[in-house]
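**Student:** Here it is: the structure, laid out below.
The values are calculated or read from the model by the stated rules, or taken from the named source; none is laboratory data. Values in this document were obtained by computation on a predicted structure and should not be read as measured data. Every residue, glycine as well, gets a Cβ built from its backbone with ideal geometry; the counts of neighbours run over all protein chains shown.
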Ligand SMILES: Cc1cc2nc3c(=O)[nH]c(=O)nc-3n(C[C@H](O)[C@H](O)[C@H](O)COP(=O)(O)OP(=O)(O)OC[C@H]3O[C@@H](n4cnc5c(N)ncnc54)[C@H](O)[C@@H]3O)c2cc1C
């Protein structure tokens, strides 16, 4: 593993300059915005509009999905270019993945792996150009960890599937252009061999979306009532949804990796330098300094895990247990940091600060910690996957599924 840039350094420095100049021009006005977190209820129309426009602009240049093939709307660039793009955008307080905070970044590689050529040519370009928002729609009321129990039925009727059922805890607070949905295509078929994946236009007749207001933001319940979806939109083939699920979940459960750093510690240090208790800056307190040092160390490890996974993914060498390891650790660190913030600043950690980016708002870190342990698969799922991949309790080590 090598985190250094490999491509000819002259080419990369020219590219970096191009990116910097482009961002200077196109991020104008961004300093007025306060980036909100993925499920936020704070995001206003201005921020949403800015993100969507930015996604289209980046997508138009192939920079939203820099390493995807050009023929599908990607940039056709190397890992080094992606690292440059990620790090330059990071300076504006937003990551490439969060620019257009839909799940397209996971859905696109799954379509690339499992879609037919015709599906790739139809579905990928608008996604890669940043034009469509996509929700991942997997969880059902009877249980999310065991998604193979899927009860939302999609029954073939001529050249359509007719979908009926319900999903919960999905999406964001702006409506989706598409739903990326696990369905049961053969209700009497054996477990794991009775599933399919549909890419469903969000405006199809028979879809009702009902917001669920959670502690950390907005999710939704989605009801399907005789929704007719073209059979063309079944990705991965008849009753092959479990294979598609494996690719999707591997990416969602940490295998995707990340390169951006977490700006939280910088803000904590700044806060503790400026805030005085009995005329002494908080930073002079040795117990506060200890806690900040712990935060720094743990966030640095999170960053290294994330970067390692990013690297493994892009050189196409799946790390057997890296995804689960990263996700488990990252979420525990977030929870611990919420506790540390409360110890350092007392009740001030429970008061939202609307003047800063939500991702570094102490109150949001505290409030979202518990919910994050559950989102996109629970800590128990991470532990189970980790154990299977390192061969605990099984005669052979489970392999990581291939991703793209
Ligand atoms: C913030 C947030 C965002 C989300 N976003 C989405 C989204 O965009 N799309 C989507 O489809 N879903 C989403 N979800 C749903 C999420 O994926 C599920 O909540 C999660 O998979 C767990 O499912 P569940 O809530 O049904 O809990 P359950 O599966 O019912 O689990 C209940 C408890 O039992 C434990 N448990 C279950 N099975 C086992 C086992 N085999 N061994 C040990 N312990 C076990 C779990 O860890 C948990 O503590 C989101 C959830 C949250 C909180």
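**Student:** Considering only the stretch 173-210, state which residues are surrounded by fewer than 21 Cβ atoms within 10 Å (Cβ to Cβ), within 16 Å of the ligand (Cβ to nearest atom) and either at pLDDT below 95 or not in a strand (DSSP E or B) (or both).
**Tutor:** 173, 174, 175, 177, 191, 192, 202, listed by residue number.
**Student:** What are the pairs, 6+ residues apart or on separate chains, where a residue within the stretch 161-178 that is farther than 19 Å from residue 103 by Cα and outside the structural domain of residue 371 (by TED's automatic domain parsing) has its Cβ under 6 Å from a residue that is more than 7 Å from the ligand (Cβ to nearest atom) and assigned to a loop (DSSP other than H, G, I, E, B)?
**Tutor:** If the second residue must be more than 7 Å from the ligand (Cβ to nearest atom) and assigned to a loop (DSSP other than H, G, I, E, B), the pairs left are 165/151; 165/152.
**Student:** Same structure, new question: How about the stretch 358-370: which of its residues are modelled with pLDDT under 90 and either touching a helix residue (DSSP H, G or I) at 6+ places or on another chain (Cβ under 7 Å) or near the ligand (Cβ under 6 Å from one of its atoms) (or both)?
**Tutor:** 358, 360
**Student:** Does the stretch 27-47 hold any residues that are surrounded by fewer than 16 Cβ atoms within 10 Å (Cβ to Cβ) and over 19 Å from the mean Cα position of the chain (by Cα), and which are they?
**Tutor:** Correct list: 28, 29, 31, 32, 44, 45, 46.
**Student:** Moving to a separate point now. Can you name every residue in the stretch 221-245 that is surrounded by fewer than 20 Cβ atoms within 10 Å (Cβ to Cβ) and within 15 Å of the ligand (Cβ to nearest atom)?
**Tutor:** Once the filter is applied, which keeps residues that are surrounded by fewer than 20 Cβ atoms within 10 Å (Cβ to Cβ) and within 15 Å of the ligand (Cβ to nearest atom), the stretch 221-245 yields 221, 223.
**Student:** Could you please give the count of residues in the stretch 320-357 that are in contact with a helix residue (DSSP H, G or I) (Cβ under 7 Å, 6 or more places away or on another chain) and closer than 30 Å to residue 403 by Cα?
**Tutor:** So the count comes out to 15.
**Student:** What residue, of 352, 318, is outside any helix (DSSP H, G or I), away from the ligand (no atom under 15 Å from the Cβ) and surrounded by fewer than 16 Cβ atoms within 10 Å (Cβ to Cβ)?
**Tutor:** On the way: 318 fails: surrounded by fewer than 16 Cβ atoms within 10 Å (Cβ to Cβ).
Residue meeting the stated conditions: 352.
**Student:** Here's a check for you: in the stretch 129-149, which residue that is within 10 Å of the ligand (Cβ to nearest atom) and part of a strand (DSSP E or B) is farthest from residue 163 (Cα to Cα)? Walk me through it before giving the result.
**Tutor:** Pass one, the stretch 129-149, residues within 10 Å of the ligand (Cβ to nearest atom): 135-147, 149.
Filter again for part of a strand (DSSP E or B), leaving 135-137, 140, 143.
Numbers: 135: 17, 136: 16, 137: 13, 140: 14, 143: 19 Å.
So the residue we want is 143.
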